[in-house]
Amino acid sequence: MDTPDESATGRLCLVTGASGYIGGRLVPELLDAGYRVRCMARSARRLRDHPWAGRVEIAEADATDPASTRRALDGVDVAFYLIHAIGGEGRFSETDRRAARTFAEAARDAGVGRLVYLGGMAPEEELSPHLRSRAEVGRIMLDSGVPAVWLRAAVIIGSGSASFEMLRYLTERLPVMVTPRWVRTRIQPIAIRDVLHYLVASAALPAHVSRGFDIGGPDVLTYRDMMQRYAAVAGLRRRLIIPVPVLSPRLSSLWVGAITPVPGRLARPLVESLRNEVICREHDIARYVPPPDEGLAGFEHAVRLALRRVRQADVATRWSSASLPGAPSDPLPTDPDWAGGSLFTDEREREVRAPAERLWEVIEGIGGERGWYSFPLAWSVRGVLDRMVGGVGLRRGRRDPRRLRIGETVDFWRVEEIGPGRLLRLRAEMRLPGLAWLEFRMSERDGRVRYTQRALFHPRGLPGHLYWWTFKPFHDRIFGGMCRGVAHAAEQPTRTSRPRATASAPR
Ligand SMILES: NC(=O)c1ccc[n+]([C@@H]2O[C@H](COP(=O)([O-])OP(=O)(O)OC[C@H]3O[C@@H](n4cnc5c(N)ncnc54)[C@H](OP(=O)(O)O)[C@@H]3O)[C@@H](O)[C@H]2O)c1
């Protein structure tokens, strides 16, 4: 086996597309492997929320501009080309050709030792414009005069990947689908974790290796299989999928655009590419790079990894800016808004004219005998309905009327996180077509106390979406009332002030 050169670590890698899905996840892997990293981005601002931003150099450059690209490549040993223009303005194939040529020439002039490009698969049949363009970029890299590796992947499974998000939304939102013929096309998906494994290893391949490699996971599946298996892993019912011959790629991309939040301009080239069968024709990469120790992830495992963060309810990491670097399959705070599945939010904020400690007392004492500070009848009815369908209802109350600990129950919620004087997050344990959280935050600045309340709902399938929209008209009464009620309770002069609602049963 012609294995990667271990002494390669410590070298300088340039990661282009660092604001994108693959690039943003590759950077921490390279750092962990001991490389120094410079990120190239059209706007440095787009990188600043990344957890690794303080550990890398940043070069602002546009790959279609020779001068800035040449500067970004100065002193670079290995350059990763992770750029594409689909979803952008104008004709993507022309832009991609120009960017790839400019970059390849600048890399040669700069004396770069290796290029690594990740593109799509290029089967020997009439290719979609997207795959044709990706293949053209691959040839430009191989012809650049710099030793190049062109990794060819089909659908990449990981939260935030455009093709995975399309699959996720279609499956979650449509229990019954009339689909085009392309749902029968065979595909060999690969987990993002394994793509990163091959990308990192490619940086250290010996200079004489200059060629393309197909990379794929262990499963070959039709798009229909992928939807059914996704549904099973996500806890959804089996989907009814009826392929019909009349739906053209254009019509189906309009339909995908309407059903999913993936922007139409991005969805269309991806949908058009689904007519091409994308299965590895060789597995030569194994001669140079061994598979990961735990083996290549199968489709279900890759989906499970992608859904894990939501399942574990670590909503803070996915949906707010505070973030610790997690597994590659996890969402990043810099992912586009449409990534990570649907998350509905009801957010309320108020200034509270009371000491911070008093507001915290009210927050920590919520539920149980003190109730939920709004619309008591609605909370009681919700509790009864929950019990009728086998849920826990409101009867659990709380252990201590004033103090809470992680893992304790509060009526039909459980304390998921508590940071005294700062944050209380409850996770719903009532019967729901999805996952729900209720979050209370407080902050103090210049003597002013602010109270922020968020209700978060991650729907499961169509029933989840219907549930959210059915109750949306009542949110002002329930969540708005709760926000006002909590603030009001804190603003009462004495500690003996009683909240207005007493919805839950005594323990
Ligand atoms: N995601 C998948 O499922 C998948 C599957 C197979 C292969 N791939 C390949 O993986 C590579 C990366 O894909 P991705 O999913 O990470 O894409 P992505 O999330 O859409 O990111 C594209 C990146 O390209 C950058 N970019 C575009 N035009 C540029 C220019 N002129 N100069 C500098 N930067 C430019 C963008 O930067 P801005 O922030 O400035 O826009 C962005 O960072 C692509 O080659 C793609 O074909 C992806």
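So for segment 389-458, what percent of the C-alpha to C-alpha distances run longer than 19 Å?
Numbers: 951 of 2415 pairs.
Above the 19 Å cut-off, segment 389-458 has 39 percent of its Cα pairs.
In the chain, the longest principal axis of the Cα atoms and the axis of helix 192-202 are about 40 degrees apart.
Sorting 292-305, 24-37 by average packing, meaning the other beta carbons within 10 Å per residue, from highest down gives 24-37, 292-305. Only helices enter this figure: runs of n ≥ 4 DSSP H residues, each worth -39500 (n - 2.57), summed and divided by the residues of the chain, yield -10000 deg cm²/dmol at 222 nm to the nearest 500.
Taking every alpha-carbon pair in the chain and binning the separations at 10 Å intervals from zero gives 4, 18, 25, 21, 16, 11, 5, 0 percent. Each label point was placed 7 Å from the Cα along the Cα-to-Cβ direction; for Gln492 and Arg139 their separation is 7.7 nm. Over the C-alpha trace of segment 183-317, radius of gyration and Dmax come out as 17.4, 51 angstrom. Considering every alpha-carbon pair of segment 53-141, the percent of pairs per 5 Å bin, from zero through the bin containing the longest distance, is 3, 14, 24, 23, 17, 11, 6, 2, 0.
Please report how far the C-alpha centroid of segment 341-364 lies from that of segment 276-291, rounded to the nearest whole angstrom. Comparing the Cα centres of segment 341-364 and segment 276-291, I get a distance of 52 Å. Run a plain Debye calculation on segment 344-491 (Cα atoms as equal point scatterers, no solvent) and give log10 I(q)/I(0) at q = 0.16 Å⁻¹, rounded to two decimals, same order as the q list. So the normalised log intensities are -0.85.
Projecting each Cα onto the charge dipole of the chain (Lys/Arg +1, Asp/Glu -1 at the beta carbon, about the Cα centre), which of Trp468, Ala232, Thr179 comes out farthest on the positive side? Selected residue: Trp468.
When Rg is the radius of gyration of the Cα atoms in segment 173-240 and Rh is its Kirkwood radius, what does Rg/Rh come to? Write down the numbers at each step before the final one.
Values: Rg = 16.8 Å, Rh = 14.6 Å.
Taking Rg over the Kirkwood Rh, I get 1.15.
Restricting attention to the chain, close to 55% of DSSP beta bridges with both partner residues there are antiparallel.
Dipole size in debye (nearest 20) for the chain around its Cα centre, Lys and Arg Cβ +1, Asp and Glu Cβ -1? Walk me through the intermediate numbers first.
Working: 76 positive and 59 negative charges, 470 e Å.
For the chain, the charge dipole is close to 2260 debye.
Relative to the Cα centre, the charge distribution of segment 101-141, modelled as +1 at Lys and Arg Cβ and -1 at Asp and Glu Cβ, gives a dipole magnitude of about 200 debye.
Put in line by how crowded their Cβ is, counting other Cβ atoms within 10 Å and starting with the fewest, Ile140, Ile418 read Ile418, Ile140. Against the longest principal axis of the chain, how steep is helix 299-311, in degrees 0 to 90 to the nearest 10, with axes from Cα atoms? Long axis of 299-311 versus the principal axis of the chain: about 40 degrees. Assuming charge only on the beta carbon of Lys and Arg (+1) and of Asp and Glu (-1), the dipole of segment 130-193 about its Cα centre is about 240 debye to the nearest 20. Here's the picture: charge each Lys and Arg Cβ at +1 and each Asp and Glu Cβ at -1 in the chain, and of Thr64, Gly34, Ser159 the one pushed furthest to the positive end of that dipole is Ser159. When the Cα positions of Met388, Pro376, Phe344 are compared along the charge dipole of segment 342-404, Met388 comes out farthest toward the positive end, with charges on each C-beta of Lys, Arg, Asp and Glu. For segment 126-194, the Kirkwood radius over C-alpha pairs fed into Stokes-Einstein at 37 °C and 0.692 mPa s yields D = 225 µm² per second.
Near Asp32: Cβ cut-off under 12 Å, other residues only, Lys/Arg at +1 and Asp/Glu at -1. The net charge is +1.
None of the figures in this text is laboratory data; all of them are computed from the coordinates on show. Keep in mind it's a predicted model, so treat the numbers as computed, not measured. As a convention, Cβ positions derive from the backbone with ideal geometry for all residues, glycine included, and neighbour counts pool all protein chains shown.
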